[in-house]
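Peer 1: What follows is a single structure, and I will ask about it in a moment.
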Amino acid sequence: MNTTLFFGLVLFLSMSINSFSQESAAFPLWDKIPGAIKNEAYKEEPRVDAQGNRTGIRKVIEPTLIPFLVENKSAKNAAVIICPGGGYSVLSIDKEGIKVAEWFNSIGVSAFVLKYRLPSDDIMKDKTVGPLQDAQEAIRVLRRNAAKWNLDENKIGIMGFSAGGHLASTASTHYLDKVYEAKGDISARPDFSMLIYPVISMENGITHNGSKESLLGKTASNELIAKYSNEKEVNEKTPPTFLVHATDDHAVPVENSINYYMALKKNKVRAEMHIYENGGHGFGLGTKGTNTDWSASLEHWLVANKIIAEKSVYLFSYFKGNGEDGLHLAYSEDGYKWQTLKKDASFLTPEVGKDKLMRDPCIIKGGDGLYHMVWTVSWTDKGIGYASSKDLIHWSKQEFLPVMEHESGTRNTWAPEITYDEVNKEYMIYWASTITGKFPETQSTEDSGYNHRIYYTTTKDFKTYSPTKLLYEPGFNVIDSSILKDDKGYIMFLKDETKVPVQKNLKVAYSDKLTGPYTKASAAITGNYWAEGPTAIKIDGKWLVYFDKYRDHKYGALKQTDKGWEDVSDKVSFPQGTRHGTVLEVPKSMLLNLMKE
């Protein structure tokens with residue numbers, strides 16, 4: 001027996017330090033633990049399996065919080081306190097704590113794993129309130145430090161598994177119980193709760209006896225049993241709740257969740273419950289069967305309740321051939337690998353303009369919630385196309401906007417784009433045109449004598465438009481401008497169309513105002529190839545610029561770095577035949593609807 005214990009200890013001590021690296025940031029929950037009894041003989045210990053892997057923690061002496069903060073600093077984040085299960089006798093801190101916290105981080109939620117004290121007369125004056133003291137204080141600690149950790153103090157939730165679910169439901173129904181002297185006037189009420197195969201009731205025939213005895217003892221009074229049967233404590237102020245259980249749970253009967261849900265429903269508290277056919281007890285994030293879907297359902301619930309923002313994906317609007325068949329769309333989860341939608345068939349057939357083309361489609365989401373699109377309708381027309389949509393599937397009647405009709409010498413209106421000015425609540429539409437006789441100093445016989453500059457008009461309602469004006473005159477033949485809001489103003493990506501001496505590259509210019517004036521164009525940011533049609537989006541705080549390597553018949557990309565622009569063309573893939581498009585970010589639900597087409 002001593003040999004077995006020795007080798008078990010060796011296995012435990014030889015485990016990778018990385019197994020516990022997450023806990024290196026853990027911090028004590030209390031300066032002074034309330035109701036504590038000093039007991040030198042009572043020592044925290046790990047529970048390990050035959051291979052030396054930790055499966056839990058017993059005899060918690062000092063409660064801690066293990067923080068898992070998301071990196072996002074641009075907005076305040078929702079946060080969750082996670083209470084692992086284990087029958088109030090052990091904490092399954094890895095499976096029902098650390099792994100779950102990492103999953104929350106993946107959806108943009110900060111998480112804190114609570115290593116709470118397990119009820120024990122050896123270290124507590126009243127073991128029935130010890131875990132609740134820790135849960136209440138954990139909620140208050142998060143609110144107290146919300147600014148420090150970039151948390152939204154109105155989006156502090158609690159999650160519990162099994163007996164941890166009992167603790168989370170206790171915190172959700174007994175948050176007004178004064179179980180210790182709290183610092184300041186900070187609420188202990190969680191804003192939402194998530195209960196996963198939870199113990200809810202202490203009533204015989206439905207409770208988990210191990211959890212009940214650990215928390216209340218073997219001779220608990222009827223009054224105490226009723227008090228901690230949390231389905232009886234639900235009222236209209238109980239936080240919105242998400243519940244998960246398996247029908248074949250033989251350890252904690254599914255009626256625990258059902259009865260709690262019914263109490264929430266009776267009190268008109270928002271609630272969602274998922275009961276799976278199988279899974280048993282303790283499946284965590286799930287390994288097989290239908291119960292593996294619960295985390296995805298939870299994410300949807302968090303979005304629906306506006307606790308987290310809906311996940312976004314990237315869309316790319318483009319044309320093929322000469323643009324005669326209309327609007328094509330592709331999507332990407334990461335901004336690098338792009339896949340076609342609708343089997344690369346058109347979403348919208350062009351109907352306006354001299355040639356009825358839909359080249360260079362540019363789509364943005366406006367301040368009115370609609371998606372607005374402009375496009376090139378012809379090689380030689382004096383106007384552009386316009387339409388709007390709520391869902392990118394059903395579009396308004398197409399309109400022809402005669403933006404250059406006032407200039408008799410206009411040869412074309414190419415590659416229109418649109419940018420929304422959030423400050424002035426107006427849209428700027430801009431494009432490249434050649435006006436015969438204008439800017440003779442850069443006139444050339446090359447490229448059929450085209451000599452473009454960038455022009456623009458503004459509108460607030462797409463009914464009335466300001467007079468067309470010159471937007472950008474860089475001193476060279478310029479086309480394909482794309483303007484986006486940058487940190488300190490606006491950035492314009494543009495193409496230097498000069499052929500002699502050859503440029504055919506992309507450059508950038510800047511302005512404090514959307515309508516300019518813009519700075520002198522930079523040096524080329526693209527390499528030794530011909531590039532056009534830039535469109536850009538910020539990913540992880542850095543610009544990623546896509547462009548058409550039109551002589552090579554493929555798309556390229558540049559990534560902004562601290563040292564300049566890095567060519568990452570070898571890392572992107574676009575559908576075959578993609579021509580001059582624009583990128584935008586949309587909710588994932590919109591993508592799912594587009595995928596049905």
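Peer 1: Considering only segment 135-142, I want to know if a residue exists there that is in contact with a Cys (Cβ under 9 Å, 6 or more places away or on another chain), in contact (Cβ under 8 Å) with a residue 12 or more places away in the chain and within 14 Å of ASP177 (Cα to Cα).
Peer 2: Yes.
Peer 1: Need the failing condition index for SER408 against (1) at pLDDT 95 or above; (2) open to solvent by 80 Å² or more (accessible area, probe 1.4 Å); (3) more than 45 Å from the chain's Cα centre (by Cα), just the number.
Peer 2: Condition not satisfied by SER408: (1).
Peer 1: So if I check each of GLU44, GLU96, GLU102, GLU71, which one is under 17 Å from GLY165 (Cα atoms) and either of a type outside the set (Phe, Trp, Tyr) or in contact with a Lys or Arg (Cβ under 8 Å, 6 or more places away or on another chain) (or both)?
Peer 2: GLU96
Peer 1: Looking at segment 365-386, which of its residues are surrounded by fewer than 18 Cβ atoms within 10 Å (Cβ to Cβ) and within 23 Å of GLU532 (Cβ to Cβ)?
Peer 2: TRP379, THR380
Every residue, every condition in (1) out of contact with any helix residue (DSSP H, G or I) (no Cβ under 7 Å at 6 or more places or on another chain); (2) at pLDDT below 95; (3) farther than 30 Å from GLU597 by Cα, yes or no:
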residue	(1), (2), (3)
THR241	no, no, yes
MET262	yes, no, yes
THR290	yes, yes, no
ALA296	yes, yes, no
LYS306	yes, yes, no
LYS320	yes, no, no
ASP325	yes, no, no
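Peer 1: Can you tell me which of GLY280, GLY284, GLY335, GLY369 is closer than 16 Å to LEU584 by Cβ, modelled with pLDDT under 95 and either out of contact with any His (no Cβ under 9 Å at 6 or more places or on another chain) or in a loop (DSSP other than H, G, I, E, B) (or both)?
Peer 2: Criteria check complete, one pass: GLY369.
Peer 1: Separate question: Within segment 384-392, is there a residue that is of a type in the set (A, V, I, L, M, F, W, C) and outside any loop (DSSP other than H, G, I, E, B)?
Peer 2: Within segment 384-392, one or more residues are of a type in the set (A, V, I, L, M, F, W, C) and outside any loop (DSSP other than H, G, I, E, B).
Peer 1: Of the numbered conditions (1) modelled with pLDDT of 95 or more; (2) over 15 Å from ILE363 (Cβ atoms); (3) open to solvent by less than 60 Å² (accessible area, probe 1.4 Å); (4) not hydroxyl-bearing (Ser, Thr, Tyr), ASP447 fails exactly one; give the number of that condition.
Peer 2: For ASP447, the failing item is (1).
Peer 1: May I pose another question? Kindly provide the set of residues from segment 236-256 that are open to solvent by 60 Å² or more (accessible area, probe 1.4 Å) and either without any contact (Cβ under 8 Å) to a residue 24 or more places away in the chain or within 36 Å of the chain's Cα centre (by Cα) (or both), ordered by number. Give the steps one after another, and end with the answer.
Peer 2: Initial filter on segment 236-256 (open to solvent by 60 Å² or more (accessible area, probe 1.4 Å)): 236-237, 247, 250, 255.
GLU236, LYS237, THR247, GLU255, listed by residue number.
Peer 1: Consider ILE33 carefully, then state whether it is among the β-branched types (Val, Ile, Thr), at pLDDT 95 or above, buried (at least 20 other Cβ atoms within 10 Å of the Cβ) and closer than 26 Å to SER214 by Cα. Explain how you work it out, then say what you get.
Peer 2: Details: among the β-branched types (Val, Ile, Thr): yes; at pLDDT 95 or above: yes; buried (at least 20 other Cβ atoms within 10 Å of the Cβ): yes; closer than 26 Å to SER214 by Cα: yes.
Yes, satisfied.
Peer 1: Run down GLY205, GLY217 and say which single residue is open to solvent by 30 Å² or more (accessible area, probe 1.4 Å) and not hydrophobic (A, V, I, L, M, F, W, C).
Peer 2: When all the criteria are applied, what remains is GLY205.
To keep it simple, each residue is scored yes or no on (1) within 25 Å of LYS155 (Cβ to Cβ); (2) outside any strand (DSSP E or B); (3) touching a residue at least 24 places away in the same chain (Cβ under 8 Å); (4) touching a helix residue (DSSP H, G or I) at 6+ places or on another chain (Cβ under 8 Å).
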| site | (1), (2), (3), (4) |
| --- | --- |
| TYR42 | no, yes, yes, no |
| PRO46 | no, no, yes, yes |
| GLY56 | no, no, yes, yes |
| ALA79 | yes, no, yes, yes |
| GLY86 | no, yes, yes, yes |
| SER89 | no, yes, yes, yes |
| GLY97 | yes, yes, yes, no |
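Peer 1: Has segment 119-128 got at least one residue that is in contact with a helix residue (DSSP H, G or I) (Cβ under 8 Å, 6 or more places away or on another chain), of a type in the set (Lys, Arg) and under 19 Å from TYR180 (Cα atoms)?
Peer 2: Looking for residues that are in contact with a helix residue (DSSP H, G or I) (Cβ under 8 Å, 6 or more places away or on another chain), of a type in the set (Lys, Arg) and under 19 Å from TYR180 (Cα atoms), one finds at least one in segment 119-128, hence yes.
Peer 1: Collect the residues in segment 99-109 that are of a type in the set (Gly, Ala, Ser), outside any loop (DSSP other than H, G, I, E, B) and open to solvent by 10 Å² or more (accessible area, probe 1.4 Å), keeping them in residue-number order.
Peer 2: At the first step, the residues of segment 99-109 found to be of a type in the set (Gly, Ala, Ser) are 101, 106, 108.
Keeping just the survivors that are outside any loop (DSSP other than H, G, I, E, B) gives 101, 106.
Listed by number, the list holds a single entry, SER106.
Peer 1: Conditions first: (1) more than 30 Å from LYS542 (Cβ to Cβ); (2) open to solvent by less than 30 Å² (accessible area, probe 1.4 Å). LYS343 passes all but one, so which condition is the exception?
Peer 2: Unmet condition: (2).
Peer 1: Turning to a different aspect of this structure: Looking only at helices (runs of 4 or more DSSP H) that fall completely inside segment 110-173, which ones have 2 or more residues that are open to solvent by less than 10 Å² (accessible area, probe 1.4 Å) and more than 14 Å from PRO239 (Cβ to Cβ)?
Peer 2: Of the helices (runs of 4 or more DSSP H) lying wholly inside segment 110-173, those with at least 2 residues that are open to solvent by less than 10 Å² (accessible area, probe 1.4 Å) and more than 14 Å from PRO239 (Cβ to Cβ) span 130-144, 163-173.
Peer 1: Consider only pairs whose beta carbons are under 7 Å apart and that are at least six residues apart or on different chains; among these, list those whose first residue lies in segment 385-410 and is closer than 16 Å to GLY353 by Cβ and whose second residue is part of a strand (DSSP E or B) and open to solvent by 80 Å² or more (accessible area, probe 1.4 Å).
Peer 2: none
Peer 1: Still on this structure, I have one more. In segment 182-202, what residues are assigned to a loop (DSSP other than H, G, I, E, B) and at pLDDT 95 or above? Outline the logic, then answer.
Peer 2: Taking segment 182-202 and keeping what is assigned to a loop (DSSP other than H, G, I, E, B), we get 182-191, 197-202.
Correct list: ILE186, SER187, ALA188, ARG189, PRO190, ASP191, TYR197, PRO198, VAL199, ILE200, SER201, MET202.
Peer 1: Now for a different question. Determine, yes or no, whether HIS300 is open to solvent by 60 Å² or more (accessible area, probe 1.4 Å), over 30 Å from ILE418 (Cα atoms) and in a loop (DSSP other than H, G, I, E, B). Quick ask: steps written out before the conclusion?
Peer 2: On the way: open to solvent by 60 Å² or more (accessible area, probe 1.4 Å): yes; over 30 Å from ILE418 (Cα atoms): yes; in a loop (DSSP other than H, G, I, E, B): no.
Considered against the rule, which asks whether it is open to solvent by 60 Å² or more (accessible area, probe 1.4 Å), over 30 Å from ILE418 (Cα atoms) and in a loop (DSSP other than H, G, I, E, B), HIS300 comes out as no.
Peer 1: Related question: Filter the strands (runs of 3 or more DSSP E) completely within segment 459-556 down to those with at least 2 residues that are more than 27 Å from THR436 (Cα to Cα) and β-branched (Val, Ile, Thr).
Peer 2: The qualifying strands (runs of 3 or more DSSP E) are 532-539.
Peer 1: Please verify whether GLU426 is surrounded by fewer than 23 Cβ atoms within 10 Å (Cβ to Cβ) and farther than 16 Å from SER466 by Cα, treating the condition exactly as stated.
Peer 2: no
Peer 1: Right, another one. Considering only residues that are surrounded by 16 or more Cβ atoms within 10 Å (Cβ to Cβ) and either part of a strand (DSSP E or B) or not hydroxyl-bearing (Ser, Thr, Tyr) (or both), which ones fall in segment 411-423?
Peer 2: Hits for segment 411-423 are ARG411, ASN412, TRP414, ALA415, PRO416, GLU417, ILE418, THR419, TYR420, ASP421.
Peer 1: Evaluate segment 516-529: report whether one residue or more is surrounded by fewer than 18 Cβ atoms within 10 Å (Cβ to Cβ) and closer than 30 Å to GLU333 by Cβ.
Peer 2: Pass one, segment 516-529, residues surrounded by fewer than 18 Cβ atoms within 10 Å (Cβ to Cβ): 517, 519-520, 522-524, 527-529.
Next, from what is left, pick out any that are closer than 30 Å to GLU333 by Cβ: 527, 529.
Taking every residue of segment 516-529 in turn, at least one turns out to be surrounded by fewer than 18 Cβ atoms within 10 Å (Cβ to Cβ) and closer than 30 Å to GLU333 by Cβ.
Peer 1: Limited to segment 567-597, what total is found for residues that are open to solvent by less than 80 Å² (accessible area, probe 1.4 Å) and assigned to a strand (DSSP E or B)? So that I can check it myself, show each step before the final result.
Peer 2: Of the residues in segment 567-597, the ones open to solvent by less than 80 Å² (accessible area, probe 1.4 Å) are 567-569, 572-575, 577-584, 586-591, 593-594.
The next check asks that each one be assigned to a strand (DSSP E or B); those that pass are 567, 573, 579-584, 586-587.
The qualifying residues number 10.
Peer 1: Being more than 30 Å from THR340 (Cβ to Cβ) and either of a type outside the set (Gly, Ala, Ser) or without any contact (Cβ under 8 Å) to a residue 60 or more places away in the chain (or both) is true for just one of TYR260, TYR314. Which residue is that?
Peer 2: TYR260
The values are calculated or read from the model by the stated rules, or taken from the named source; none is laboratory data. Since the model is a prediction, treat every value here as computed from it, not as a measurement. Virtual Cβ from ideal backbone geometry, glycine too; neighbours counted across all protein chains shown. Areas reflect the complete protein model, heavy atoms only, side chains present, ligands, DNA and RNA absent. Shrake-Rupley method; radii C 1.70, N 1.55, O 1.52, S 1.80 Å.
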